[in-house]
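*Asks:* What follows is a single structure, and I will ask about it in a moment.
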Amino acid sequence: MKRTISAILLILITFSCKQIPVTPAELNIILLIGDGMGIAQIYAAMTANNGNLNLEKCTHTGLQKTYSANRYITDSGAAATAMATGIKTKNGMIGTDIYSQPVRTILEYAEINGLSTGLVATSTITHATPASFLAHQPDRGEYEKIAADFLDSGIDIFIGGGKNHFTRREDRVNLLDSLVIRGYHITNNVSEINIQEEKIACFTADLDNSPADSGRGDMLPEATKNAIHFLHHKGTGFFLMVEGSQIDWAAHDNDTKRVISEMIDFDKAIGVALDFAEKNKNTLVIITADHETGGMGITGGDVVSSTVEAYFVTDGHTATMVPVFACGPGSEKFSGIYENTAIFHKMMESYGFRIE
Ligand code: MG
Ligand code: ZN
């Protein structure tokens, strides 16, 4: 009898000590950030687009508070760092805390946990919003240092402008060579993204991309579609951040027409993400902004003729809360009012990652 009990105990101990094999999380998260996208920017585009946008398909909505560690009105660096790392930092900082120390980002957690990762932007890829997901620099203006941070990030695909920050550098180092050594295929064309490649660096411009209404075409929705297919093909779960970067720039210029064209372009990318999520149910799509730009107010217009008149109270950013839209598994977590840092924690929770 005693022997039987000890045998059972031994079996139990053996079983409980056995390592559970680590399987990569199967969840995909697509985080789409409209830089400067407040409620007025959204409603202006909705009105101009015959009364509807793709983002209306999202099942859950919330609001996030955007203030940074040192300013009531945030910049894109501090705001994206908050969403990427879960901590508030000072304006101008990229992936660091207020003491300039690096903080691990959601993209880096995804890499560590065996997922595939990507970034897409209509600005330079080294610009504050995308940079905050993998670079760690106390100054957002250090584009060449930010570019160097891409090398060992492990990111599987990135698409955006800013090739010059990799090639025409003060240190005269050509980072494209360094990328090739690390398995990246370099291309300048979003339509040339081959899912068979190991990794992709796609530079759509030497510096900034053109605006949506003057030459950029469908770069953003196409890049989003190809990045999703590339990451999906890897067979792991993935994390992808897609930025509609130039909504902010149009709002800084108080240019209603351009705000609308950038918004509609961004919404096409949202449509691509939602179509994928519809077919691949293990996909959480989150759409939000880093802050509002311009204090845009809709002062006139008409739903029948799809016209909008707007007035801006500033050429800078504002402190107002910005909306969050979500659909897919775990999207209910995004209802309510919370800090921008909560976006990171909600994503971590959805993946089942532990903070290290
Ligand atoms: Mg940005
Ligand atoms: Zn701005």
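*Asks:* With respect to A84, determine if the residue is under 17 Å from the mean Cα position of the chain (by Cα), within 16 Å of ligand 1 (Cβ to nearest atom) and in contact (Cβ under 8 Å) with a residue 24 or more places away in the chain.
*Replies:* So A84 fits the description; yes.
*Asks:* Another question, then. Of all residues being acidic (D, E) and within 16 Å of ligand 2 (Cβ to nearest atom) in region 231-285, which is surrounded by the fewest Cβ atoms within 10 Å (Cβ to Cβ)? Just the residue, please.
*Replies:* In this case the residue turns out to be D253.
*Asks:* Going by the structure shown, is E356 closer than 30 Å to E26 by Cβ and surrounded by fewer than 14 Cβ atoms within 10 Å (Cβ to Cβ)?
*Replies:* yes
*Asks:* Something else about it: Restricting attention to region 147-165, which residues are open to solvent by less than 30 Å² (accessible area, probe 1.4 Å), out of contact with any Phe, Trp or Tyr (no Cβ under 6 Å at 6 or more places or on another chain), farther than 23 Å from P211 by Cβ and not in a loop (DSSP other than H, G, I, E, B)?
*Replies:* Of everything in region 147-165, just one residue is open to solvent by less than 30 Å² (accessible area, probe 1.4 Å), out of contact with any Phe, Trp or Tyr (no Cβ under 6 Å at 6 or more places or on another chain), farther than 23 Å from P211 by Cβ and not in a loop (DSSP other than H, G, I, E, B), namely F150.
*Asks:* With respect to T117, is the statement that it is in contact with a Ser or Thr (Cβ under 7 Å, 6 or more places away or on another chain) and in contact (Cβ under 8 Å) with a residue 60 or more places away in the chain true?
*Replies:* In short, no.
*Asks:* Could you list, in sequence order, the residues of region 296-328 that are closer than 25 Å to N52 by Cβ and in a loop (DSSP other than H, G, I, E, B)?
*Replies:* Passing the criteria: V303, V304, S305, S306, T320, M321, G328.
*Asks:* Turning to a different aspect of this structure: Go through (1) within 16 Å of ligand 1 (Cβ to nearest atom); (2) open to solvent by 50 Å² or more (accessible area, probe 1.4 Å) for K225 and report which single condition fails.
*Replies:* For K225, the failing item is (1).
*Asks:* Among the residues of region 299-347, write down those that are within 16 Å of ligand 2 (Cβ to nearest atom) and small (G, A, S).
*Replies:* Result: G316, A319.
*Asks:* On to the next question. So, restricting to helices (runs of 4 or more DSSP H) that lie completely within region 38-144, which ones have at least 3 residues that are open to solvent by 10 Å² or more (accessible area, probe 1.4 Å)?
*Replies:* By residue number, 39-48, 106-112.
*Asks:* For region 206-223, what are the residues that are under 20 Å from D248 (Cβ atoms) and in a helix (DSSP H, G or I)?
*Replies:* A212, D213, S214, G215, R216, M219, L220, P221, A223 - these are the residues of region 206-223 that are under 20 Å from D248 (Cβ atoms) and in a helix (DSSP H, G or I).
*Asks:* Does T341 satisfy the condition of being touching a residue at least 60 places away in the same chain (Cβ under 8 Å), of a type in the set (S, T, N, Q) and within 22 Å of K90 (Cα to Cα)?
*Replies:* Here the answer is yes, as T341 does meet what is asked.
*Asks:* Given the conditions (1) within 19 Å of F150 (Cβ to Cβ); (2) in contact with a Gly (Cβ under 8 Å, 6 or more places away or on another chain); (3) assigned to a helix (DSSP H, G or I), report the number of the one that N226 does not fulfil.
*Replies:* With (1) within 19 Å of F150 (Cβ to Cβ); (2) in contact with a Gly (Cβ under 8 Å, 6 or more places away or on another chain); (3) assigned to a helix (DSSP H, G or I) applied to N226, the lone miss is (2).
*Asks:* Ok, one more. Working only within region 191-227, note down all residues that are within 19 Å of the chain's Cα centre (by Cα) and hydroxyl-bearing (S, T, Y).
*Replies:* T204, T224
*Asks:* List pairs: first in region 175-186 and at pLDDT 95 or above, second of a type in the set (G, A, S), Cβ under 7 Å, 6+ apart or cross-chain?
*Replies:* L175/A147; L175/A148; L179/A201; Y184/A201; I186/A201
*Asks:* Cβ-Cβ under 9 Å, sequence separation 6+ or interchain: first residue in region 299-311 and more than 14 Å from I42 (Cα to Cα) and open to solvent by 100 Å² or more (accessible area, probe 1.4 Å), partner in a strand (DSSP E or B) and of a type in the set (A, V, I, L, M, F, W, C). Which pairs?
*Replies:* That search, which allows pairs on different chains as well, returns Y311/M296; Y311/I298.
*Asks:* When you check T299 against the structure, is it away from ligand 1 (no atom under 16 Å from the Cβ), more than 22 Å from the chain's Cα centre (by Cα) and more than 25 Å from T81 (Cβ to Cβ), yes or no?
*Replies:* yes
The values are calculated or read from the model by the stated rules, or taken from the named source; none is laboratory data. Predicted, not measured: the structure shown is a model, and the values here were computed from it. Virtual Cβ from ideal backbone geometry, glycine too; neighbours counted across all protein chains shown. All accessible areas refer to the heavy atoms of the entire protein, side chains included, with ligands and DNA or RNA removed. Shrake-Rupley method; radii C 1.70, N 1.55, O 1.52, S 1.80 Å.
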